[in-house]
Every structure is written in C-alpha cells, then in structure tokens.
1. Within the chain, how many lysine pairs that are 8 or more places apart, or on different chains, have C-alpha atoms less than 23 Å apart?
2. Dipole magnitude of segment 5-90 about its Cα centre, charges +1 at Lys/Arg Cβ and -1 at Asp/Glu Cβ only, in debye to the nearest 20?
3. Suppose every Lys and Arg Cβ carries +1 and every Asp and Glu Cβ carries -1, with no other charges. What dipole size does segment 52-134 come out with about its Cα centre, to the nearest 20 debye?
4. Separation between the Ala196 and Arg227 pseudo-spin-labels, each 7 Å from Cα along Cα→Cβ, expressed in nm?
5. Determine the dipole magnitude for the chain: charges of +1 sit on the beta-carbon of Lys and Arg, -1 on that of Asp and Glu, nothing else is charged, the reference point is the Cα centre, and the result goes in debye to the nearest 20.
6. Just want the answer: with Cβ charges of +1 for Lys and Arg and -1 for Asp and Glu, which residue in Thr106, Ala94, Leu118 is farthest toward the dipole's positive end in the chain?
7. So, counting K/R as plus one and D/E as minus one, what does the shell of residues with Cβ under 12 Å around Leu109 add up to?
8. Just grab the label-to-label distance for Asp145 and Asp45, each label 7 Å out from Cα along the Cβ direction, in nm (one decimal).
Amino acid sequence: MANWLSATLTGKTVWNERLCSVRFTAELPPFEAGQFVNLAYTMGDKQIVRPYSLVNPPGTKEHEILFNLVPEGQLSSWLWTMTQGEQFLCGPRAQGFFTLGHVQPTEDLWLMATGSGLGPYLSMLGTDAPWEKFRQVILVHSVRDHHERAYLDELKALQHRHAGRLRILHTLTREPTWPLRQRIPALIESGLLEMAANTPISAERSHVMLCGNPGMVKGAQALLEVRGLRRHQRFAPGQISTEIY
C-alpha cells in the first residue's frame, strides 16, 4: 500500500492474557465510526499487514484498537510487546462499510459482538448517530469470563450519559452461575436474549449489527433471516449488518 502514515504508540492496556488495546497517533483523515485501518510491521524483507477496527470515535487526536493475541500471529504478537514511543505504519485512511451512515432509522439498534468485536461499537456509541436514529440501543458482548469484559468504565459512563436509552448485556460462556451464559445464536434461538433486554427483535422495529467470530455472525444471521430480517447493503437497505473477524 502506497502512502503509509507514520504512527507512534502512546499507550497500551492489557486486559487479560490474550486481550489488549493499543493507542497511537497518526495523521488519519476523517473517518466514520465502525471503520478499520490497516497496520503494518516490517519483518526482514516481509511486510505484515492486518486490519483493525478503530475504537475511538471520529474527531479524536489519539486512535485506538482492540485485539486478541493470536497464537503464532506475527502482527498481534509484535503489537503486544510494543512499548510507548515505538513507531509503525498505518494505512493512509480508514476503510469499510460497517457503519451507521446508510442504516435507516428505526426503534431499536442491536449491537452484538464477540471478544474484540466490541471495538467498532465503542466508536459508534461515542458519536451522535445511534441517538439520532434509534430510540434504544442494546449492546450484547459475548466473552468467556469476567476477565474479558473490557472497557467497563467507559460502558458505565455511556450508560450514565444516555440513561434509559442504552442497555448493556454481557454473556459469559464459561461462567456457570452467570444468567446469560450461552452463545449469542443460542440466546436468539431460545428467546432468552430478547427476554433479558425486554425488547423483541423484528424486521419492523430492529436493526441488528453482528461483529466478531464467523460462527456467531453466520449463526445469528441465519436465525434472524428466518424471522424476516435481511442483510443490509448500501444500495439495498436491510436490517442486518455484519463484520467478520
């Protein structure tokens, strides 16, 4: 990719043994919440490039990504060991269509994520778009246990700021006493997710965004399509937006 930008690491948060967020500065042009950037690292004569969704909302000077440490993953391993002040390469602009720009206003916005799929939703929730287009926002974050519930302070602050309009549900799949401990597709199929949110999912009142591992995204999408929701496309509006990690 031509015209790489110089990026400098400004901070890092290690949430647990496999989940980390990195903050950096780079002269990125304006972007839409939900978009991703390509980051690169040169190893010998080989350049390793990977896409990462931005956690920060547009208009902030510092950028942030949330990622999982992938076993034998060259770029994630390198990012994990970076220290403040180190430099790396960032793509010249953010990309992607997993945004609210072309989504039609409706009653409820469901943001469903596994693991690091929470990142783009934090960017969206820091903008005006969700609160201008939807009466209520339900964020569903599925992780293995309590240690993977990242950004809890930021989520509490968002709930306080948007009191009565933002509901946050965590599903902890390896916590036997947690009320919601099934994976997202199973919770949709059983109806437990809607019961917990006290909100139905339907083509008439809902837009559902799915971000995370392929199993969750594909499984949830299939169940929603049975209910009459369809895939959202830029020029063919629907009720389901997806981003596979």
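Values quoted throughout were computed directly from the atomic coordinates according to the rules given, and no laboratory measurement underlies them. In this text the structure is predicted, and so the values were computed from the model without any measurement. Reconstructed Cβ throughout: ideal geometry from the backbone, glycine too, with neighbour counts over all protein chains shown.
1. 4
2. Rounded to the nearest 20 debye, it is 60 debye.
3. In debye, rounded to 20, segment 52-134 gives about 180.
4. So the two model labels end up 1.4 nm from each other.
5. It works out to roughly 300 debye.
6. The one lying farthest along the dipole's positive direction is Thr106.
7. +2
8. Computed distance between label sites Asp145 and Asp45 equals 4.5 nm.
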